[in-house]
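Enquirer: First the structure, which I've put down as structure tokens, then a few questions once you've had a look.
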Amino acid sequence: MTDQADSESVSGDPAAGEPGAETGESPSNETPPISMERLKMVSAGDESFERELVELFIDSSRETMGLARSAHDDGDIEALGRAIHKLKGMSGNLGALALCDISAELMDCCRMSQTDRLDDLMGRIEGEYKRVMAFMEQHQNEHP
């Protein structure tokens, strides 16, 4: 059973011409990897809570990405799907919308045992994850 959030894209509205809407590709590197509007909404404008959310994401996502990498390398599609599901939730909640979207694509492939796109999608996740982490670390340095 899939819930609605798993099957819906959280970024890019084709009608609005938003990046990633039609192709499922990551937005260009000029587009911030985090929706600060979403982060501020989730933290209710509380800067201390916002810092906590960022720290929690950084710590938790490192562990989750490690699990995803290991599962991918081992060819364990079920474990990969579980790890990516967790990453999808974390990134969506924080406003890393492109990372959330790519994670949803990889989850679908895992769920349907479509292994032909796993390497490509893991590569895209790795790239977007690096962008998100760099942005978050910069955000932490600017808002100690």
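The values are calculated or read from the model by the stated rules, or taken from the named source; none is laboratory data. Note that the coordinates shown come from a computational prediction; the quantities given were computed from them, not determined experimentally. Every residue, glycine as well, gets a Cβ built from its backbone with ideal geometry; the counts of neighbours run over all protein chains shown.
Enquirer: If I filter the stretch 93-107 down to residues being over 12 Å from ILE34 (Cα atoms), out of contact with any Asp or Glu (no Cβ under 8 Å at 6 or more places or on another chain) and in contact (Cβ under 8 Å) with a residue 60 or more places away in the chain, which single residue comes out as surrounded by the fewest Cβ atoms within 10 Å (Cβ to Cβ)?
Expert: GLU105
Enquirer: Out of the residues in the stretch 125-139 that are of a type in the set (A, V, I, L, M) and buried (at least 16 other Cβ atoms within 10 Å of the Cβ), state the one that is farthest from ARG51 (Cα to Cα). Spell out how you get there, then give the answer.
Expert: Taking the stretch 125-139 as the starting set, the residues that turn out to be of a type in the set (A, V, I, L, M) are 125, 132-134, 136.
Cutting the leftovers down to buried (at least 16 other Cβ atoms within 10 Å of the Cβ) gives us 125, 132-133, 136.
Values: ILE125: 24, VAL132: 15, MET133: 14, MET136: 10 Å.
So, considering only residues that are of a type in the set (A, V, I, L, M) and buried (at least 16 other Cβ atoms within 10 Å of the Cβ), the one farthest from ARG51 (Cα to Cα) is ILE125.
Enquirer: If you take the residues of the stretch 32-71 that are surrounded by 16 or more Cβ atoms within 10 Å (Cβ to Cβ) and of a type in the set (Ser, Thr, Tyr), which of them is farthest from the chain's Cα centre (by Cα)?
Expert: Here the answer is SER43.
Enquirer: Something else: Here is a check on your reading of the model: is ASP74 modelled with pLDDT of 95 or more and over 13 Å from the mean Cα position of the chain (by Cα)?
Expert: For ASP74, the condition - modelled with pLDDT of 95 or more and over 13 Å from the mean Cα position of the chain (by Cα) - is met.
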